[in-house]
1. Just wondering, is there one or more residues in the stretch 421-440 that are among the basic types (K, R), touching a helix residue (DSSP H, G or I) at 6+ places or on another chain (Cβ under 9 Å) and closer than 19 Å to C293 by Cα?
2. Any idea how many residues of the stretch 527-563 are closer than 30 Å to T584 by Cα, free of Cβ contacts under 8 Å to residues at least 40 places away in the same chain, part of a loop (DSSP other than H, G, I, E, B) and open to solvent by less than 90 Å² (accessible area, probe 1.4 Å)?
3. Select from the stretch 425-449 the residues that are open to solvent by 10 Å² or more (accessible area, probe 1.4 Å) and either of a type in the set (S, T, N, Q) or touching a Lys or Arg at 6+ places or on another chain (Cβ under 8 Å) (or both) and list them in ascending order.
4. Residues in the stretch 189-207: is at least one assigned to a strand (DSSP E or B) and farther than 16 Å from P13 by Cβ?
5. Identify, please: which residue in the stretch 364-419 is in contact with a Lys or Arg (Cβ under 8 Å, 6 or more places away or on another chain) and of a type in the set (G, A, S) and is, among those, most open to solvent (accessible area, probe 1.4 Å)?
6. Tell me which of these F153 doesn't satisfy, since it passes every other one: (1) surrounded by 22 or more Cβ atoms within 10 Å (Cβ to Cβ); (2) within 21 Å of I227 (Cβ to Cβ).
7. Can we say T439 is farther than 30 Å from D509 by Cβ and among the hydroxyl-bearing types (S, T, Y)?
8. Please indicate, with yes or no, whether at least one residue in the stretch 450-468 is open to solvent by 10 Å² or more (accessible area, probe 1.4 Å), out of contact with any helix residue (DSSP H, G or I) (no Cβ under 7 Å at 6 or more places or on another chain) and within 19 Å of L489 (Cβ to Cβ).
Amino acid sequence: MSSSSSAVLRFVPFASAPKLGFWQEVGRRKLEEWGLDERPKKVVGQWGVGCVAGLPPRLELTRSAFSDVVEEGAFAARGTVVTVNTLEELKRADKGALLGGCEDFVAIVFADMKKNRYVYWFGFRGEVLDPPARRVASGKLSEIVDAVPKVEFCAARVENGKIASTTEKLEDATEGALFCIADPATGEDPGWPARNYVAAIARRFKRFRLALWREGGVGGIWIDVEIPEQKRKAPPTGWEPNAHGRMGPRAVDLAPLTDPNELAAAARSLNLHLMRWRLLPDLDVAALARTKCLLLGAGTLGCNVARCLAGWGVRHLTFVDNGTVSYSNPARQPLYTVADCSKRALKATAAAAAMDQIAPGTAAEPTHYEGHVLTIPMPGHALHDDAETDFDVLRRLVSEHDAIFVLTDTREARWLPTVLGTAAPNKPTILNVALGLDTYVVLRHGAGSSLGCYFCNDVSAPGNSTINRTLDQQCTVSRPGLAPLASALAVELLVALLHHPLRHAAPPDKAGDLSRPPDHPLGILPHSIRGFLTHFSSVLPATRAFPNCTACSDPILDRFRQHDQSAFDFLAKVANDPALLEQTAGLADLATDIDPDTFLLEDDDDDDDDDDPSSL
């Protein structure tokens, strides 16, 4: 039923409806791509004509808002998102300039990444006529035409109640055309898209008819519009009021809506991405995430190394250890609890389970933590029943990882990992960490490097260092702060090496002038770090590879480069007689060639003390 009256033509504004996926994508891009960049970013929202009666039209933004994709049957609204870096900037933003410079809408967003909270303010551009358009008459659409094209906008010529022809170009419209517009509103007033079409039509025609087609609600309507003589060109309007009906921003807290593992993963990576914004723009977060680390030893060093690697965003950790958690462990080894002690939990698997609780993964960013209970075969130690199986597993693990942390209690336990790592075809980076009472050493090595390994300064083969030891010699006795310090330095060295094209083969740097910036993104790359806690100091010595080394020399490596029975057979002989290493490497012949009147080789009972870096 049609009606005739003259009143101001009013329009129903959009209500913003950003989805959870949209905010997650904004957060991801803010951290990983945009950083401090506050320039407008193009987005696409969507709206439809099937709104529920009594509710305002909704402009939705989904995760795909940045990919220029809308759902089938929906109409696109093109806009921009401006992410500011402080809440004060959001308040001070020039709202008029932002609204005037956008296409359909603009959103100002402050992303509080620490709390997973977003403060935002949407503006839907609406052209202003001054004085406003008048609504002269209106009625049901079925009164004037049987059907209209299902497009966002077109100008149609009507003959005998049917559409005879259409054009989607306003400049091709003629006097008397029926302007068909998709309308998201459900009441007597048209929605926000019609507002801008009316302003555009008003530039050519002073009286015209709108056909607002809808699905649901009260159905389509027609409106006769009259445009008064315009006094001035007014700026656009359309800023959305907040939930209290006042002009101001809204806020959404995603923490209660997000899986705890998702929150943990986001919070864990926050620090890394913030580094890239300003301080370390060359930080390769993706390279860190895909680095696979093998930790040989899940004791005091292993626990601290694992925690530090997780802080750097490393998602793949494998623990190797044959011990159980004892009551002396939890205070110094932060992956274990007293409950692990009471059930005599195996360290390797308990450490992996703890990492799942400390740094869990998500479907988008999965983590991989695993533990292997095995004993590393050692020179001078009788082989256990499963020695060959453990050897095969260890060699496989070495070949599957990018970095090997050798964190064992004894010197001889470091020999086989050093040999396997240097001989492995994947050329992993090998990092040895050893502790004394108040000293430590961190040393890097690997295939293709001219630098010495952990054993290159030795003049004898590693042997059984556990014979005839008292309790204080059997345990790793060191100052409590030493292990976290050495562990952190080892991880920091690995991270720095990952940002060098030669990785562990990078030439060694010496300690330089602290006032001069280093040549590498994350600082200098020493070969080794030897620290002295008594003097709160460290030195950075570098040594060349020793051609007669009992671990990394070619005669030794050749025994392990072939994946056949001969490698384990050689290992079995070395377990019974470590002197075979000196003979194979040529160290025994070298010793006989030395003039005893020139060199005096002293026997030192402490040479076998793995925990004393001064013995290296």
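The values are calculated or read from the model by the stated rules, or taken from the named source; none is laboratory data. Because the structure is predicted, anything quoted here is derived from the model rather than measured. We place every Cβ from the backbone using ideal geometry, glycine too, and count neighbours over all the protein chains shown. Surface accessibility is based on the protein's heavy atoms, side chains included, excluding ligands, DNA and RNA. Shrake-Rupley method; radii C 1.70, N 1.55, O 1.52, S 1.80 Å.
1. Keep residues of the stretch 421-440 that are among the basic types (K, R), which gives 427.
Going one step further and asking which of them are touching a helix residue (DSSP H, G or I) at 6+ places or on another chain (Cβ under 9 Å), we end up with 427.
From what's left, closer than 19 Å to C293 by Cα: 427.
Among the residues of the stretch 421-440, at least one is among the basic types (K, R), touching a helix residue (DSSP H, G or I) at 6+ places or on another chain (Cβ under 9 Å) and closer than 19 Å to C293 by Cα, which makes the answer yes.
2. Total meeting the criteria: 2.
3. N426, L437, D438, T439, Y440, A447, G448, S449
4. Yes: the stretch 189-207 contains one or more residues that are assigned to a strand (DSSP E or B) and farther than 16 Å from P13 by Cβ.
5. Across the stretch 364-419, the extreme among qualifying residues is G371.
6. Result: F153 passes all but (1).
7. Working: farther than 30 Å from D509 by Cβ: no; among the hydroxyl-bearing types (S, T, Y): yes.
For T439, the condition - farther than 30 Å from D509 by Cβ and among the hydroxyl-bearing types (S, T, Y) - is not met.
8. Checking the stretch 450-468: not a single residue is open to solvent by 10 Å² or more (accessible area, probe 1.4 Å), out of contact with any helix residue (DSSP H, G or I) (no Cβ under 7 Å at 6 or more places or on another chain) and within 19 Å of L489 (Cβ to Cβ).
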